[in-house]
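Chemist: Questions regarding the structure given below will be posed in turn.
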Amino acid sequence: MDEKLIVTSSPHFRDDSTVHKIMLDVIIALLPATLAGIYYFGMNAARVLFLAVITAVITEAVIQKLLKRPVTINDMSAALTGLLLGLNLAPSVPWWIPVVGSAFAIALVKQLFGGIGHNFMNPALAARIFLTISWTGNMTDWRAPGVDAVSTATPLSFVKGATEVPNAAPSLFDAFVGNIGGSLGETSAILLILGGVYLVYRGVISAKIPLIYVGTVAAATLVYGGFDLYFMAYHVFSGGLMIGAIYMATDYASGAITPRGRIIFAFGCGVLTSIIRLFGGYPEGVGFSILLMNVAAPLIDKYTSPRVFGEVK
């Protein structure tokens, strides 16, 4: 008999997934929204995205060389971090913003803690919050799509402190397809959703976290708006909710890992986002919410870990 019985320890599930394949799938999923951002905002968007990605890759290679670690830029994780950061920036930011942001994300949030899989929060989101706090004016200089690129307000700014969508606000359809001012990756909910469907189909992410996250925000804004469906939909399809729920809250390293923990994590993200949006001083709450839940993830896992088979008190 040629067959052999191979005895190994758990886990026993095997597939051909690699870091490179997973990161490449996420980048492919983000390509439609990326191209839409370039289409709406032109070469400024392309410049921001290029600088963010190339800085992230170079920073990772340089630090790994200095620390005498294997250079792992081919796994595409640094490129993905740069792309996510670029999509979280306004197309009008000066050239040094994506450079500083990507260097911060890779050097301090990722490599300082040991590299991929060891970061306790999402590097791109941490960099965006760092940039927003440090250079608020540059980070909130939103421009309307088009050649003129005049300054404008984001859709969420119109509903801040309100219980209904004012007539002056951009239409829900424009928010859905991306013809609005805002960060590069916030402007097309439909393309972000299509990318999320691709990731679920490929088995890269589970639909559980995005659905619970978005569903929690939808329920909270529906009740707050007096069961106004248009007000609820405006909150769901505007701002960074889709890119945050689909591409950042699902991060393997910085999120909860237990089945119950993921539910609590996603629900917590939704609750915090709703509180910040509806009652805080900032119109958007996705970035802060996910980072706060990143910090809480180890504690959530601690108290939601399943009992070891055969364990007795």
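Coordinate-derived values only; no laboratory data. Note that the coordinates shown come from a computational prediction; the quantities given were computed from them, not determined experimentally. So basically every Cβ, Gly included, is an ideal-geometry build from the backbone, and we count neighbours across all protein chains shown.
Chemist: Convert each backbone phi in region 172-183 into a coupling constant with the Karplus relation 6.51 cos²θ - 1.76 cosθ + 1.60 (shift: θ = phi - 60°), then list the ³J(HN,Hα) values in order as whole Hz, x for Gly and Pro.
Modeler: Rounded to whole hertz, the list is 4, 5, 4, 5, 5, 8, x, 8, 9, x, x, 5.
Chemist: Follow-up. Please compute the net charge surrounding residue 154, taking Lys and Arg as +1 and Asp and Glu as -1 over other residues with Cβ under 15 Å from its Cβ. Intermediate results must be reported in sequence, preceding the final value.
Modeler: Working: positive: 128, 143, 160, 277; negative: 141, 174, 186, 284.
Result for the neighbourhood of residue 154: 0.
Chemist: Treat the count of other C-beta atoms within 10 Å as a stand-in for reagent exposure and order 190, 246 from fewest to most.
Modeler: Exposure proxy ranking, most exposed first: 190, 246.
Chemist: Which ³J(HN,Hα) values in Hz, rounded to whole numbers, follow from the phi angles of region 34-46 under the Karplus curve 6.51 cos²θ - 1.76 cosθ + 1.60, where θ = phi - 60° and Gly and Pro get x?
Modeler: Values per residue, Gly and Pro as x: 5, 5, 5, x, 5, 4, 6, 10, x, 5, 4, 5, 4 Hz.
Chemist: Quick one: which of 92-101, 107-116 comes out on top by average Cβ neighbours within 10 Å, and what's the full order, highest first?
Modeler: Listed from highest to lowest mean packing, they are 92-101, 107-116.
Chemist: Also, I was wondering about something else. Could you work out how far helix 286-304 tilts from the main Cα principal axis of the chain, as a 0 to 90 degree angle to the nearest 10?
Modeler: In the chain, helix 286-304 runs at an angle near 30 degrees to the longest axis.
Chemist: For region 26-123, what does the alpha-carbon gyration tensor say about shape, rounded, prolate or oblate, given a ≥ b ≥ c as the root eigenvalues, a/c under 1.5 as rounded, and a/b over b/c as prolate?
Modeler: It is prolate, given that a/c is not under 1.5 and a/b is the larger ratio.
Chemist: Kindly identify the chain as rounded, prolate or oblate by the Cα gyration tensor criterion: order the square roots of the eigenvalues as a ≥ b ≥ c, call it rounded if a/c is under 1.5, otherwise compare a/b with b/c, prolate if a/b is larger, else oblate. Let's see the in-between values first.
Modeler: Working: a/c = 1.87, a/b = 1.31, b/c = 1.42.
It comes out oblate by the Cα gyration axes.
Chemist: Applying 1/(1 + (r/R0)^6) with R0 = 41 Å to the Cβ-Cβ distance of residue 305 and residue 194, what FRET efficiency is obtained, to the nearest 0.05?
Modeler: 0.75
Chemist: Using a 10 angstrom cutoff on alpha carbons, build the Gaussian network for the chain and name the most mobile of 200, 48, 26.
Modeler: Among 200, 48, 26, the largest mean-square fluctuation in the Gaussian network model of the chain belongs to 200.
Chemist: Could you order peptides 78-86, 59-67, 248-256, 260-268 by the average number of other Cβ atoms within 10 Å of their residues, highest first? Don't skip to the answer; put the middle values down first.
Modeler: Values: 78-86: 27.8, 59-67: 16.4, 248-256: 23.0, 260-268: 20.3.
By packing density, highest mean first, the sequence is 78-86, 248-256, 260-268, 59-67.
Chemist: Which value in deg cm²/dmol, rounded to the nearest 500, describes the helix-derived mean residue ellipticity at 222 nm for the chain, given -39,500 (n - 2.57) per DSSP H run of n ≥ 4 and division by the residue count?
Modeler: Computed mean residue ellipticity for the chain: -17500 deg cm²/dmol.
Chemist: For region 192-197, in order, what is each residue's ³J(HN,Hα) by Karplus, 6.51 cos²θ - 1.76 cosθ + 1.60 with θ = phi - 60°, in whole Hz (x at glycine and Pro)?
Modeler: 5, 5, 4, x, x, 4
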